[in-house]
Every structure is written in structure tokens, then in C-alpha cells.
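J.: Starting off with a structure, shown below.
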Amino acid sequence: MPKNPKRSWLTGARRRGPKRRNTAGSRWMQLSTGEIQVLETLQTCQLGHIMACMVSMLGLMRLLLLKTLLVNNRLTSSNPNALAIVDKAILLFSANLVTYTKFSQQWFRLDHALHDITPQEESFPLYRKKSNGIGLDSWDDLECYENTRFTSDQLCRIYNCFGLDEYLLLQQETQIRVPTRGQNQWGQAC
């Protein structure tokens with residue numbers, strides 16, 4: 001029985017994994033070594049900002065407790081400006097908390113955008129199916145990118161820039177062979 005795919009604990013979306021943990025047919029879900037390092041860096045930055053949020057929150061709670069004690073005269077200070085100093089410190093810790101929270105949210109969004117697989121992308125078949133009579137119009141952006149590393153708009157532009165319409169008319173052909181660097185079951189290039 002196959003192992004359940006790893007999913008993000010916050011979004012429930014499927015996560016991309018390293019190449020060594022995926023099958024050969026699931027190339028769109030694989031991460032190269034560089035992408036794994038980016039993932040680890042993003043998660044380290046996010047964890048650092050979450051820790052900074054926790055430190056700011058603890059400091060803010062202590063300052064609020066101190067202010068409460070000063071206001072209720074449970075604690076006395078020799079400095080007449082003690083309440084103003086505590087207010088300024090509360091503002092600084094609040095600003096730190098908001099800043100670090102925003103940074104950690106941005107790191108999370110970036111991690112989600114780069115490494116979570118969208119439900120639309122997850123619905124695509126993992127294995128390539130042989131298709132005959134395909135044209136540039138029949139490929140969507142993902143299939144164009146997987147086969148040629150260009151989007152469908154870029155392929156159509158290249159098609160028009162090189163005058164491939166006229167070439168097909170001269171050769172009396174209807175299709176141009178697009179090699180995919182793969183081989184079929186008989187070992188022929190396709």
C-alpha cells in the first residue's frame with residue numbers, strides 16, 4: 001500500500017518533496033538540491049521570526065504586569081517618570097511583536113507559494129500518457145513547460161518568429177516534431 005502524501009499542517013495542501021523520496025513519474029512534485037536548501041532557509045527564517053515573536057510577547061506581558069503594579073500603587077519607583085518609561089517600552093515591544101508577526105507570515109506565504117502543490121496541480125496525472133496528433137493549442141501552460149521549458153504563449157511566439165507556418169506549408173506537413181528527450185518502450189526518441 002502506498003504511503004500517504006505529506007501535507008502542509010496549516011493549509012492541508014500537498015507538499016513538494018526531495019527527488020530521492022518521489023517516483024520517476026512525479027517530476028512536477030520534486031525539488032532539486034537547491035530548492036531543498038531554499039525550503040530549509042525559508043523555514044529557518046520563519047522559525048527565527050516566530051521565536052522573536054515569542055520573546056517580544058513574553059517581554060510585553062512582563063511590562064504590562066509592571067505597568068499594572070505601578071498604576072495600582074502595588075509597586076513604587078524612585079523615578080517619577082517610571083510610568084512613562086514603561087509606556088514607551090510597551091510601545092517598542094508592541095512594534096517588535098507586530099513586525100516579527102508580519103515577517104513570519106510573509107515567510108509562511110512564500111513557503112506556501114513555492115512548496116505547496118495546489119489542488120489543480122495535484123489533480124494532474126503523475127505519469128505521462130502517449131498522445132498522438134498534439135498541437136501547440138492542445139497543450140496547457142504546465143504541459144508546455146514540462147516538455148519544452150516554455151509557456152504556451154512563448155511557444156506560439158517562437159513558432160511565429162521563425163516562420164514555422166510557411167515551413168509546414170512548404171513541406172506539406174501538418175505537425176512539427178517536438179522532442180521531449182524521452183524514449184518510448186522500444187527505445188526510440190519521442
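J.: Within the stretch 67-75, is even one residue surrounded by 14 or more Cβ atoms within 10 Å (Cβ to Cβ), touching a helix residue (DSSP H, G or I) at 6+ places or on another chain (Cβ under 9 Å) and on the phi < 0 side of the Ramachandran plot?
T.: Checked the stretch 67-75: at least one residue is surrounded by 14 or more Cβ atoms within 10 Å (Cβ to Cβ), touching a helix residue (DSSP H, G or I) at 6+ places or on another chain (Cβ under 9 Å) and on the phi < 0 side of the Ramachandran plot.
J.: A follow-up question, please. Check whether at least one residue in the stretch 76-83 is of a type in the set (A, V, I, L, M, F, W, C), surrounded by fewer than 13 Cβ atoms within 10 Å (Cβ to Cβ) and free of Cβ contacts under 8 Å to residues at least 24 places away in the same chain, and report yes or no.
T.: no
J.: Which of the helices (runs of 4 or more DSSP H) found entirely inside the stretch 61-154 contain at least 3 residues meeting this: at pLDDT 90 or above and over 23 Å from THR44 (Cα atoms)?
T.: Those helices (runs of 4 or more DSSP H) span 82-115.
J.: From ILE50, ILE36, which residue is modelled with pLDDT of 75 or more, closer than 27 Å to CYS144 by Cβ and surrounded by 12 or more Cβ atoms within 10 Å (Cβ to Cβ)?
T.: The conditions single out ILE36.
J.: Identify, by number, the condition in (1) under 21 Å from GLN106 (Cβ atoms); (2) modelled with pLDDT under 70; (3) surrounded by 16 or more Cβ atoms within 10 Å (Cβ to Cβ) that MET29 doesn't meet.
T.: (1)
J.: Among (1) at pLDDT below 70; (2) at positive phi, there is one condition SER8 misses while meeting the rest; what is its number?
T.: (2)
The values are calculated or read from the model by the stated rules, or taken from the named source; none is laboratory data. This is a predicted model, so every value here is computed, not measured. Don't worry about glycine lacking a Cβ; one is built from the backbone with ideal geometry, like all the others, and counts go over all protein chains shown.
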